[in-house]
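**Q** Structure in structure tokens, see below.
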Amino acid sequence: MTGRPRLDLVRQIEYFLAVVDEGHFGRAAQRLSMSQPPLSQGIQRLERLLGGVLFVRGPRGAELTSFGAGLVPRARQLLAAAKAVLQPEPRNRQPVFRLAVVPQLPRSTAAALVEAVRSQHQHVAVKVLPTSDSTASLGDGELDAAVVIHPALLPQLDAGPVIRLPRDMLVPGGHPLAGVPSLPLRSLAGTPLALEPRRHGPAAFDLVADLVGIEGVRLAPAAVTGDQEALLAVAGGDVMALTADPSLHGRGVARVALEGDPLPLRLRVAWPANRPPGALADAMTAAMERP
Amino acid sequence: MTTDRVSRRLRAAFDDAGAQGWLHVRELSPSGAEVALDADTPVALSSVYKLPLLVAFLRMVDAGEIDPTRRVTVPPAPRTAGSTGLSIMRDPVTMSWRDLAVQMITVSDNAAADVLLHKVGLERVTTTLRTLGLDATTVTRGSAEEIAGLMTETGAHSVADAFEALTDLDHVALPSGYDPLRASASTARDMTTLLAALWTGQAASAEQTAFAKVLLSQRNGPYRLRAGFPHDAIQLADKTGTLGSLRHDVGVVEFPDRTAYAMAVFTRSARPDRLLPGVDAVIGQAARLAVDALRANG
């Protein structure tokens, strides 16, 4: 299909995507606060314009044809671009730089990172998000950059080099090896290890699970997210947990360095491939690598 | 199951395995019922390029341009590196053109593939692709060039070091072999189009079609599509491709009731590890999800 785009194309594309998302003409009409006949007519006009059938009406509602499925990505792009046209251009005001960091990022490192961003952006909004949430938000354009745990899937994203922060093991204060400053991971095999929930980053989770499994360490059934939860779980006395924050201490919790730092916290600064942060990317990485 | 629901389940399966996934499954029947997930996005093929090369070779045999039984001698150097077949042999090897094809498909022999590619030519492969309606597929180079590129890009001095560099967790390598604009590339949909053409006898003569089906069912390699179809009674003929974090499998599955499905699943894992059996397995699991959805609707 070539030729000049039609004036009502954006509306028809909006109808089309509503039916895609709802899977049903009636519900799509409801969502658009309109009746069904003009919606159906709009879809039919779009089908004539494109020269192909977009939906098959079946017992379970409207199902996309392969021709229709092929249109979906371009349709979403068009609708997003149309919405962007209506967004007012911000005047005389630098936009807020939207940043997310993982809960495992040590507080002092996070502060250094934000300072680095502030040197180039007057306004910074920081969220603490697990890797899976950050990669989804980056993909949706809701974030400008995020510190994520490596390895993770980064479709449509780019990322800086891998940053390694050493990690110690937090063990219960009553642990027989609690006073020993440095140990091979294997010697801690008797105590189950609590990790962050697997859904936060299956690849990074499985990597650690595979590595500790080789050394005979079992995983604890309950997960912990971030240093605070890790400290409290270990203080509870039944599990051990990893931390990259050298200042993290608490009563009833001992720190043990792991020989050879076998389980460092691996991080990357990620951003949308179509909106690279330029020199700021390097500055963020450098800020996190500073001891 | 609605198309959207299948897509969501496929995405969830790939996410859980820590891999990005591209999939196309089509029933080999007049209905041509299909399931697609990013099926029109080009992906670098790695060794899956050997399948279009096989089809181009078969068509030259059919046209009388190659005598498949004619013997050729492959000297030890230059010979493309690899982990199987002629690639790991030390001395001159003499075998027929069709046995080179046997090597290329059954053990993904890089050296045999490059000898065949030299004979067939990239241009002929492209003509074959376009004739069969594969417009999104480009075969731009063979294994030797891919490996040479990999060595340059990783700064490695040996082939082994180059492949080792791809598994480095702390230095993320992005060789051109991952790049659909530079490597040989295709879409999941194009690969099932090719398989469907081959299986229905439109790509080559009955004799050469039968030869190809036997080769593809005698393949040795990791369990990928097979992981989703775990029974002797289900026949599988397929070709895998592997390069660093790319793990692919394209093939045809035939059930005891004779219904058959062409399927192409491409993956790219988040982890750079050489061995990721969970990602191998999700290739089959995703294909099975798609096939089950088609069988439930059919």
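The values are calculated or read from the model by the stated rules, or taken from the named source; none is laboratory data. Owing to the predicted nature of the structure, the values given are computational and were not obtained by experimental measurement. Heads up, the Cβs are rebuilt from the backbone with ideal geometry, glycines too, and the neighbour counts pull from every protein chain shown. We work out accessible area using only protein heavy atoms, side chains counted, and drop any ligands, DNA or RNA first. Shrake-Rupley method; radii C 1.70, N 1.55, O 1.52, S 1.80 Å.
**Q** Filter the trypsin sites (Lys or Arg not before Pro) in segment A:88-174 down to the DSSP loop ones having no more than 15 other Cβ atoms within 10 Å, then list what survives.
**A** When the trypsin sites (Lys or Arg not before Pro) of segment A:88-174 are filtered for loop state and at most 15 Cβ neighbours within 10 Å, A:Arg91, A:Arg93 remain.
**Q** Let's see if you can work this out: charge +1 on each Lys and Arg Cβ, -1 on each Asp and Glu Cβ, no other charges. What is the dipole magnitude of the protein assembly as shown about its Cα centre, in debye to the nearest 20?
**A** 1240
**Q** Quick test of the membrane-span-like rule: which DSSP H helices of chain A reach at least 15 Å along their long axis (C-alpha atoms) with mean Kyte hydropathy at least 0.5?
**A** A:9-22, A:66-86, A:202-214, A:279-289
**Q** Please state the shape class of segment B:88-217: rounded when a/c is under 1.5, otherwise prolate if a/b exceeds b/c and oblate if not, all from the C-alpha gyration tensor.
**A** Note, shape of segment B:88-217 comes out oblate.
**Q** With unit charges on the beta carbon (Lys/Arg positive, Asp/Glu negative), name the residue among A:Val147, A:Gln104, B:Ser31 whose Cα is farthest towards the positive pole of the charge dipole of the protein assembly as shown.
**A** Final value for the positive-end residue is B:Ser31.
**Q** Okay, next question. Gaussian network model of chain B, Cα springs within a sub-10 Å range: biggest mean-square fluctuation belongs to which of B:Leu132, B:Leu246, B:Leu53?
**A** B:Leu132
**Q** May I ask you to list the trypsin sites (Lys or Arg not before Pro) in segment B:201-298 that are in a DSSP loop and have at most 12 other Cβ atoms within 10 Å of their Cβ?
**A** Those that pass, being in a loop and sparsely packed, are B:Arg258, B:Arg274.
**Q** Any idea how far the Cα center of segment B:1-35 sits from the one of segment B:236-270, in Å?
**A** Result: 13 Å between the Cα centres.
**Q** If you average the sequence gap of Cα pairs under 8 Å that are 6 or more apart and divide by the length of chain B, what percent do you get for the contact order?
**A** With pairs under 8 Å counted, the relative contact order is 27 percent.
**Q** Percent relative contact order of segment B:230-284, based on C-alpha pairs within less than 8 angstrom and at least six residues apart?
**A** 31
**Q** Then there is this: Test of understanding: in a Gaussian network model of chain A with alpha carbons linked when under 10 Å, which of A:Val208, A:Val19, A:Val224 would top the mean-square fluctuation ranking?
**A** Result: A:Val19 has the largest fluctuation of those listed.
**Q** What accessible area per residue, rounded to a whole number of Å², is obtained for segment A:9-102 using a probe radius of 1.4 Å?
**A** 59
**Q** Still on this model: Which residue fluctuates the most in chain A, going by a Gaussian network model with Cα springs under 10 Å, if the choices are A:Ala111, A:Ala241, A:Ala100?
**A** A:Ala111
**Q** Moving on to the next point. Could you give the length gained on full extension between B:Arg295 and B:Arg274, defined as 0.36 nm per residue of separation minus the Cα-Cα distance, in nm?
**A** 4.1 nm
**Q** Pop a pseudo-label 7 angstrom from the Cα along the beta-carbon direction at both A:Glu289 and B:Asp170 and give the gap in nm to one decimal.
**A** Label-label distance for A:Glu289 and B:Asp170, simple model: 1.2 nm.
**Q** Which shape class, rounded, prolate or oblate, goes with the protein assembly as shown when its Cα gyration tensor gives a ≥ b ≥ c as root eigenvalues, a/c under 1.5 marks rounded, and past that a/b bigger than b/c marks prolate?
**A** oblate
**Q** Same structure, new question: How much length is gained on full extension from A:Ser187 to A:Leu79, taking 0.36 nm per residue of separation minus their Cα-Cα distance?
**A** 33.1 nm
**Q** Same structure, new question: Is the C-alpha gyration tensor of segment B:196-298 telling us rounded, prolate or oblate? Criteria: a/c under 1.5 is rounded; beyond that, a/b larger than b/c is prolate, otherwise oblate.
**A** Oblate.
**Q** Could I ask something else about it? Out of all DSSP beta bridges in chain A, what portion is antiparallel? Express it as a percent rounded to 5.
**A** If we restrict to bridges inside chain A, about 65 percent are antiparallel.
**Q** Relative to the Cα centre, what is the charge dipole magnitude of segment B:132-172, using +1 at the beta carbon of each Lys and Arg, -1 at the beta carbon of each Asp and Glu, and rounding to the nearest 20 debye?
**A** With only Lys, Arg, Asp and Glu charged at Cβ, the dipole is about 180 debye.
**Q** With +1 assigned to the C-beta of every Lys and Arg and -1 to the C-beta of every Asp and Glu, and no other charges, what is the dipole magnitude of segment B:94-173 about the Cα centre in debye, to the nearest 20?
**A** My answer is approximately 580 debye.
**Q** How high is the relative contact order of segment A:217-289, in percent, counting Cα pairs under 8 Å that sit 6 or more residues apart?
**A** For segment A:217-289, the relative contact order is 19 percent.
**Q** Let me ask something else about it. Give me the distance between the Cα centres of segment A:45-77 and segment B:124-163, rounded to whole Å.
**A** 35
**Q** Rg (Å, one decimal) plus Dmax (Å, integer) for the alpha carbons of chain B?
**A** 18.4, 56
**Q** Hey, another quick one. Mean residue ellipticity at 222 nm from the helices of chain B, using -39,500 (n - 2.57) per DSSP H segment of n ≥ 4 over the full residue count, to the nearest 500 deg cm²/dmol?
**A** -13000 deg cm²/dmol
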